[in-house]
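Notes follow the structure.
Throughout, read-outs are computed from the coordinates displayed, never taken from laboratory work. Being a predicted model, the structure only gives us computed values, none of them experimental. All Cβ positions, even for glycine, are placed from backbone atoms using ideal geometry, and neighbour counts span all protein chains on display.
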Amino acid sequence: MCGLDVDAEDNFCRTCGAQLASPHLRTTGLRIIQPKSFALSGIFLLVLGTAVTVVTYLEGIIPIVALGLGCILLGVMTLFIPESTSFRAGRLATLSSLPSLTAIDALIKDLDIWPRGIYIPAKGFGAVPRVLLPLSDAPFAIPPGLARTSRVFVILGKNSNERGILLVPPGAEIVSALENCLQTDLSTIKLDDLEARLGFGLEILGISKRTVTVKVAERVATVQVGATSLVDLEEQLRAKAPRLVTQVGSPLISALAAVVSKASGKYVRIKDSTMDRSKLTVTLGMFADESEWN
């Protein structure tokens, strides 16, 4: 903020007092246990336990054999920790989110809304882009300050069909959590830096390992995320709430759309999304103003 050089141990700026954070673990005061650390520890314990067990058994030192077997057991348990934690987190997300998301899908069907939602860019730490669902395909303009209103049904023009529904994206909390763990307002970063920041943030949140790619070509952004802990929720939503996934986005898809909208400062529309157990790919259209999507 003020350009002062800082040490790796500093948690606050010595001049302005701002709290310091960085997406690089070496330059933060935070100590975060990565899944990779569990894997290395588990492998070490397995190798150590096996070696101790074999050697002491051949030497006839039975009490130490028990110690070696204990190391093997701890190694197996340590290797299992990341997988079980991810499974429980993904299962909990599915059970808690599915009812409310299927209700939004039912609302879209009952109102017979077909246009895809438009993510309205937002600025400021903690601010999340809102998604607008126009009630018809008629041309419309987004009134100034629409993203800051608390209304759900909004007026877009003078005609009766120029109306829409303004929703908080299903992935709003993911966007807020990303900014909190990165300690960065996403509207201040460039699209060129988004891939590294997004990959780091999703890994820290336990949503996906650092296998994120972001490709931008003219007015299209393609975001690919590796295997995620939300894959069960994604699969169930595609089966039970397809309109929501297509027009608004699942929690993870909508979070990616909101992040791209905030980082680019442009309106974003979900063009397509594909998913299998190993990756999620989302194609997003980016627009400067209403003339490009009408």
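At a 10 Å Cβ-Cβ cut-off, how would you order Asp289, Asp112, fewest neighbours first?
Asp112, Asp289
How high is the relative contact order of segment 111-292, in percent, with contacts defined as C-alpha pairs under 8 Å that are six or more residues apart?
25 percent.
Could you give each residue of segment 123-135 its phi-based ³J(HN,Hα) in whole Hz, using Karplus coefficients 6.51, -1.76, 1.60 with θ = phi - 60°, and x for Gly or Pro?
Once θ is set to phi - 60°, the couplings for segment 123-135 become 10, x, 5, x, 7, 10, x, 8, 10, 9, 10, x, 6 Hz.
Please list the non-local residues whose amide H lies under 5 Å from the amide H of Leu156, H modeled 1.01 Å from N, same-chain partners needing a gap of 5 or more.
Hits under the 5 Å cutoff: Arg163, Gly164.
Taking 0.36 nm per intervening residue step and subtracting the Cα-Cα distance, what contour gain separates Ala138 from Glu290 on full extension?
Going from the current span to full extension adds 53.6 nm.
Taking 0.36 nm per residue of separation and subtracting the Cα-Cα distance, what length does fully extending Ser176 through Ile64 add?
Gain in length upon complete extension: 35.3 nm.
Rounded to whole Hz and in sequence order, give me ³J(HN,Hα) for segment 239-250 from the Karplus expression 6.51 cos²θ - 1.76 cosθ + 1.60, θ = phi - 60°, writing x for Gly and Pro.
Values per residue, Gly and Pro as x: 8, 9, 9, x, 5, 4, 4, 6, 9, 10, x, 5 Hz.
Based only on other Cβ atoms within 10 Å, what is the fewest-to-most ordering of Ile142, Ile43, Ile270?
Arranged by neighbour count, lowest to highest, Ile142, Ile43, Ile270 become Ile43, Ile142, Ile270.
Check cross-link reach from Lys209 to the lysines: straight Cα distance under 21 Å, and skip same-chain residues fewer than eight apart.
Candidates past the 8-residue exclusion: Lys36, Lys279.
Could you tell me the calculated FRET efficiency between Phe153 and Asp112, based on Cβ-Cβ distance and R0 = 22 angstrom, to the nearest 0.05?
0.90
Just grab the label-to-label distance for Thr211 and Leu191, each label 7 Å out from Cα along the Cβ direction, in nm (one decimal).
Label at Thr211, label at Leu191, 2.5 nm between them.
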